[in-house]
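Heads up: the structure comes next, in structure tokens.
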Amino acid sequence: MIIDDIRPSVDGGRHPIKRVLGDRLLVQADLLSDGHDKLAGRLLYRRAAAPAWHEVPLCASAVQPVLGGQREDDRWWAVFSVDALGIWEYTVKAWVDSWQSWVWAVTRKIADGQDIAVDLRGGAALLAAAADRAADPARATLRQLADRLAASAAPASTETIAAALSEETAALMRLHPDDRLATSHQPPLAVVVDVPLAAFSSWYEMFPRSRAGAGVSAAADGPAPPPHGTFKEAEDRLAYIADLGFDVVYLPPIHPIGRTHRKGPDNSLTATGTDPGSPWAIGSEEGGHTTVHPLLGTLQDFRHFMSAARRLGLEVALDIALQASPDHPYLRAHPEWFFRRADGTIQFAENPPKKYQDIVPFDFTGAGWESLWDELRDVFLFWIEQGVTVFRVDNPHTKPLPFWRWCIASVKAREPRAIFLAEAFTRPKLMRALAKLGFSQSYTYFTWRTTKAELTEFVRSLDGRETKEFFRPNLWPNTPDILPEHLQNGTRGTFIVRAVLAATLSPNWGVYGPAFELQETRAREGTEEYARNEKYQVRAWNLDQPNTLAPVLRRLNRIRRDRPALRQLGGTVVHMTDNDAVFCYSRSTADKSDVVLVVVNLDPHRAQSGWLTLDQAALGLAASSSFQVHDLLGDARYLWSGARAFVDLDPKTMPAHIFHLRRHVRSEQAFEYYL
């Protein structure tokens with residue numbers, strides 16, 4: 001027996017695939033053997049380290065999944081559900097099905113009028129062997145039929161032969177197969193089962209030290225720095241974030257900030273006594289990675305903040321940056337954990353020509369690496385004890401990959417609800433390597449993909465057969481580090497288009513606010529960094545602005561919740577347009593029961609129009625059929641017919657359509673499978 005091309009798998013099973021609690025997992029494999037013998041097989045699955053396997057028969061029939069537009073020969077499949085968090089295992093075993101091979105041969109001989117007396121004795125032997133493997137009442141039924149078949153003569157055994165060839169007998173034989181010579185795929189493949197939030201989430205980043213609200217005067221964000229905010233004051237923003245439809249509120253590091261080489265406004269090298277410093281320069285005499293900045297409040301205040309968030313349906317994500325300020329207690333207690341230069345001084349962080357004098361990196365491979373790894377893993381476990389289960393990890397690609405494999409596995413073994421978002425704007429293969437090693441979600445290059453060609457290639461890069469099994473992209477139009485050029489020079493329409501793209505191209509997305517909804521465009525000259533960057537100073541945000549995009553964000557998050565097609569990664573198809581400023585794509589469920597068609601104007605300054613040429617098969621439409629599209633952003637409805645449709649989008653009003661296709665859906669049930 002040959003068991004080949006098991007799907008889903010990643011790198012031949014070297015890395016686990018990812019699913020969420022309650023998912024049904026379709027497993028497929030090619031089963032091959034020499035000759036004309038019939039085959040049988042079973043899917044085996046269990047929670048990792050469970051003593052026994054569950055078994056499901058493999059099927060090969062006309063209703064098997066269709067891959068690549070046509071049925072594949074020798075393809076077998078079965079489905080199981082994952083009903084617990086953690087790691088599951090699955091594999092396939094297969095064998096020659098002697099009984100079905102016998103049935104196939106005898107049926108053909110009968111049709112040809114051949115003598116089957118000897119064949120009947122062979123069938124009787126197979127039935128008797130199955131009876132020995134069975135328990136009553138199946139044993140008695142099989143034994144009785146074996147005796148009848150053994151005593152039959154071909155011309156006089158029509159009724160007995162019919163019983164032997166019946167589906168009832170076939171079902172009994174499938175339950176008691178002769179699988180002593182079965183081949184099993186080894187080692188088993190793995191699937192990591194996460195909470196649903198790992199696969200579908202909307203993130204909102206905020207600095208708790210910055211004040212925001214309708215009552216905050218715009219003048220408060222003037223030349224004089226506003227007062228440092230607290231967790232208690234930050235609680236007042238949670239209702240606003242929840243009302244926008246976000247489900248994760250993400251906080252930058254909340255720890256004490258070092259004073260040595262503290263950065264001033266806009267990353268300047270000099271800071272005054274009132275400058276708060278960068279939250280990523282972690283550690284001071286007040287404590288380090290397991291301490292709360294005293295100006296924010298106490299650990300109890302942070303727990304209260306989390307409780308307030310959960311009452312509103314929000315999870316709190318905490319930024320974990322595995323680095324230290326020169327004032328971190330670690331430098332005194334464990335100097336062996338840090339790099340030293342040739343002159344004996346501790347190396348500060350740099351990415352030439354950039355220098356981060358307020359940060360010193362850990363030496364993950366130095367003499368003290370074992371105790372360092374344990375300590376950094378325990379940082380995650382400490383915050384899990386406080387109730388945090390969602391982590392955004394800063395620059396994971398600058399730390400050893402074996403560390404992340406070990407650390408994430410160790411943490412999730414204790415808390416399988418933990419979610420890790422990799423903030424890694426690095427080479428695509430390294431982004432994917434981090435995802436394979438355990439990160440639940442990943443930043444991407446979406447932030448800089450702006451043209452029709454770039455977006456088309458980006459969509460295709462996420463749709464690879466294996467990529468979508470382990471890589472969960474989280475799309476961000478902006479971050480505190482990144483104000484991309486197209487937002488600096490864009491319009492209100494630019495911000496709307498970037499939000500629409502991020503919210504509909506991936507199940508996971510996020511914004512750094514309130515800078516995004518208030519359309520902050522001021523950058524530090526010659527950079528993609530915000531001017532008056534909140535990383536280095538306290539800001540005051542007046543949320544009560546007439547031009548805010550808050551209503552757009554609220555509508556987008558509601559659309560995402562309502563449309564199943566937007567809650568999954570697969571099913572994205574780019575459709576042709578005759579204008580490169582118009583980008584069109586659809587998102588659909590596998591059975592086409594829910595289809596969303598998105599059209600955006602990529603030109604932030606001028607109205608653009610054009611003809612769409614729709615892939616009707618991808619939309620689940622018959623050729624030349626008529627259908628209604630309902631614009632979920634503007635609530636307008638249009639009746640379209642055939643593959644061609646005209647759109648006209650003005651960035652001064654609304655530069656995007658999110659259409660829901662309404663059509664007659666066939667009533668027969670489609671087979672559920674992953675694309």
Considering only region 623-664, state which residues are hydrophobic (A, V, I, L, M, F, W, C), in contact with a Ser or Thr (Cβ under 7 Å, 6 or more places away or on another chain) and not in a strand (DSSP E or B). ALA643
So is GLN323 surrounded by 17 or more Cβ atoms within 10 Å (Cβ to Cβ) and at pLDDT 95 or above or not? yes
Any residue at all in region 509-525 that's surrounded by fewer than 17 Cβ atoms within 10 Å (Cβ to Cβ) and either under 22 Å from CYS584 (Cα atoms) or out of contact with any helix residue (DSSP H, G or I) (no Cβ under 9 Å at 6 or more places or on another chain) (or both)? yes
Residues being closer than 24 Å to THR494 by Cα, open to solvent by less than 50 Å² (accessible area, probe 1.4 Å) and either among the small types (Gly, Ala, Ser) or modelled with pLDDT under 95 (or both) - total across region 610-644: 2
Subset of region 201-215 (residues that are at pLDDT below 95 and under 22 Å from PRO480 (Cβ atoms)): ARG211, ALA212, GLY213
With respect to GLY387, is the statement that it is closer than 17 Å to THR290 by Cβ and touching a helix residue (DSSP H, G or I) at 6+ places or on another chain (Cβ under 6 Å) true? yes
Residues of region 565-578 being touching a strand residue (DSSP E or B) at 6+ places or on another chain (Cβ under 7 Å) and either buried (at least 18 other Cβ atoms within 10 Å of the Cβ) or in a helix (DSSP H, G or I) (or both), in sequence order, are ALA565, LEU566, GLY571, THR572, VAL573, VAL574, HIS575, THR577
Tell me whether region 219-239 contains one or more residues that are in contact with a Ser or Thr (Cβ under 8 Å, 6 or more places away or on another chain) and open to solvent by 30 Å² or more (accessible area, probe 1.4 Å). yes
For region 495-522, what are the residues that are β-branched (Val, Ile, Thr) and over 22 Å from ARG472 (Cα atoms)? ILE496, THR521
Of all residues in region 257-272 being part of a loop (DSSP other than H, G, I, E, B) and under 22 Å from THR291 (Cα atoms), which is most open to solvent (accessible area, probe 1.4 Å)? ARG259
For region 394-431, which positions are among the basic types (Lys, Arg) and assigned to a helix (DSSP H, G or I)? ARG405, LYS412, ARG414, LYS429
Give region 155-200 a look and list any residue that's touching a Leu at 6+ places or on another chain (Cβ under 9 Å), among the small types (Gly, Ala, Ser) and either more than 25 Å from GLN28 (Cβ to Cβ) or modelled with pLDDT under 90 (or both), or say none. SER157, ALA163, ALA164
For region 111-121, indicate whether the set of residues that are more than 29 Å from the chain's Cα centre (by Cα), open to solvent by 50 Å² or more (accessible area, probe 1.4 Å) and among the polar types (S, T, N, Q) is non-empty. yes
Of all residues in region 478-497, which are without any contact (Cβ under 8 Å) to a residue 60 or more places away in the chain, open to solvent by less than 10 Å² (accessible area, probe 1.4 Å) and either out of contact with any strand residue (DSSP E or B) (no Cβ under 6 Å at 6 or more places or on another chain) or assigned to a strand (DSSP E or B) (or both)? PRO484, LEU487, PHE495
Taking interchain pairs and intrachain pairs at least six residues apart, which have beta carbon atoms under 7 angstrom, with the first residue in region 514-536 and outside any loop (DSSP other than H, G, I, E, B) and the second crowded, with 22+ Cβ neighbours inside 10 Å? ALA523/LEU483; ALA523/TYR530; TYR530/LEU483; TYR530/ALA515; TYR530/GLU520
Checked region 432-455 for anything under 20 Å from LEU372 (Cβ atoms) and either among the small types (Gly, Ala, Ser) or in a helix (DSSP H, G or I) (or both); matches are LEU434, GLY438
Qualifying residue in region 589-599 (condition: of a type outside the set (A, V, I, L, M, F, W, C), open to solvent by less than 20 Å² (accessible area, probe 1.4 Å) and assigned to a strand (DSSP E or B)): no
Within region 340-356, can you find the residues that are surrounded by 16 or more Cβ atoms within 10 Å (Cβ to Cβ) and not in a strand (DSSP E or B)? PHE348
Filtered residues of region 131-152 (kept if over 16 Å from SER166 (Cα atoms) and either open to solvent by 20 Å² or more (accessible area, probe 1.4 Å) or not in a loop (DSSP other than H, G, I, E, B) (or both)): ALA131, ASP132, ARG133, ALA135, ASP136, PRO137, ARG139, ALA140, ASP147, ALA150, ALA151, SER152
Do we find a residue being open to solvent by 10 Å² or more (accessible area, probe 1.4 Å) and of a type in the set (Val, Ile, Thr) anywhere in region 275-287? no
So if I check each of PHE391, PHE305, which one is open to solvent by less than 30 Å² (accessible area, probe 1.4 Å) and in a strand (DSSP E or B)? PHE391
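The values are calculated or read from the model by the stated rules, or taken from the named source; none is laboratory data. All of these numbers come straight from a predicted model, not from anything done at the bench. No Cβ is skipped: glycine too gets one built from the backbone with ideal geometry, and neighbour counts run over all protein chains shown. With ligands, DNA and RNA removed, areas are computed over all heavy atoms of the protein, side chains included. Shrake-Rupley method; radii C 1.70, N 1.55, O 1.52, S 1.80 Å.
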